[in-house]
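Reading through the structure tokens given below for one structure.
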Amino acid sequence: APRLKWVQTLSAGVENMPLAVMRARGITLTNAKIVMGPNIADHAMALLLGLTRKINLAQDDKKKQRWDRTGYTLVELTGKTAVIIGAGGIGMQIAQRAKGFGMKVIGVDPKDLSYTPLLDETVKPDRLDEVLPRADVVFVSAPHTPQSERMMGPRQFDLMKKGSYFVAVSRGKLYDTGALVKALDSGRLAGAGLDVTNPEPLPPGHPLWQFENTIITPHAAGQSDVMPARRLELFRENIRRFAAGAPMLNVVDLEKGY
């Protein structure tokens, strides 16, 4: 029987794939990074805007048919600083949108990033603690690897400025859930927008459900009306390249895990 040579995933994250086995067998793995960037970035900004413009509170009042402007201390994004953990296919799309809102953007990524006007500053992950105190919002858009797991731990949440926001759209295991709960409970964070959690699905009764200043969506950021067509085009192009023996798109580094 012919040996498997190539696997294409539907998602950007590949942490559930048998990477060591694939590396040993010489299998090429390609993922859906970049093509999932626009929709996930839209979702990340929607979560942030929902919190800063208090859309979550308005929805609660709508259910009660109540017109109430009390408690509407609203925040604008112009001049604020965004720290984006993971400046890849998703993170750079978030940066583009944050720039459109007049924000200063700091990218955190292990790669040596080429100059781009979308990032005002870039740092490696070992300097994350240096930039966290400057963040008005921290976006988590990095892949889950052994190195990135719980990058946002108790110390990192303690370093965030009072009144800042936390938005996670890649994988829930990149942040310490207990530390996030503590940061919300203590009032350090103004709010959290979560499309990904740990555990996932988030079970009934979990402390994260109780906070008025959280918006939680069911790992839905990867969906959009045009995503199937965009992903299909990637698959078609990779099939063409595979058949022609040409370099493929979105090849995963099986050692790094992304």
The stretch 65-160, dipole about Cα centre (Lys/Arg Cβ +1, Asp/Glu Cβ -1), debye to the nearest 20
280 debye
Using only Cα atoms, tell me the angle between helix 227-244 and the longest principal axis of the chain; keep it within 0 to 90° and round to the nearest 10.
20 degrees
Just want the answer: with Cβ charges of +1 for Lys and Arg and -1 for Asp and Glu, which residue in L194, I40, Q8 is farthest toward the dipole's positive end in the chain?
Q8
Could you identify which residue out of G187, G91, G205 has the top mean-square fluctuation in a GNM of the chain using Cα springs shorter than 10 Å?
G205
D_trans [Stokes-Einstein, Kirkwood Rh over alpha-carbon pairs] for the chain, 10 °C, 1.306 mPa s, µm² s⁻¹:
82 µm²/s
Connecting every pair of Cα atoms under 10 Å apart in the chain and solving the GNM, the largest mean-square fluctuation among L174, L57, L77 falls on L57
Out-of-range pairs (alpha-carbon distance over 20 Å; input K104/K162; K63/K182; K80/K161; K80/K182; K111/K182)
K63/K182; K80/K182; K111/K182
Estimated FRET transfer efficiency when R0 is 41 angstrom, pair L249-D68 (beta carbons, to 0.05):
0.20
Rounded to one decimal in nm, the spacing of the 7 Å Cα→Cβ label points at T9 and K162 is 4.1 nm
Return the calculated 222 nm mean residue ellipticity for the chain, to the nearest 500 deg cm²/dmol, obtained by summing -39500 (n - 2.57) across DSSP H runs with n ≥ 4 and dividing by the residue count.
-9000 deg cm²/dmol
The chain: angle of helix 37-52 to the longest principal axis, Cα-based, in degrees nearest 10
10 degrees
Given a 10 angstrom Cα cut-off, can you work out which residue in Y72, Y165, Y175 is the most mobile in a GNM of the chain?
Y72
Express in whole angstrom the spacing between the alpha-carbon centres of the stretch 122-159 and the stretch 39-110.
18 Å
Net lengthening on full extension, F242/D126 (0.36 nm per residue, minus Cα-Cα):
38.1 nm
So if we plug the beta-carbon distance of H206 and K111 into 1/(1 + (r/R0)^6) with R0 = 41 Å, what FRET efficiency do we get, rounded to 0.05?
0.75
Treating only Lys and Arg (+1) and Asp and Glu (-1) as charged, each at its beta carbon, one finds that the chain has a dipole about its Cα centre, in Debye to the nearest 20, of 400 debye
Could you give the length gained by full extension between V21 and L232, i.e. 0.36 nm per residue of separation minus their alpha carbon distance, to one decimal place?
73.3 nm
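Rule-based calculations on the coordinates, nothing more; no lab input. Predicted model only: the values in this text are computed from it and were never measured. Methodologically, a virtual Cβ is constructed for each residue, glycine included, from the backbone with ideal geometry; neighbour enumeration extends over all protein chains shown.
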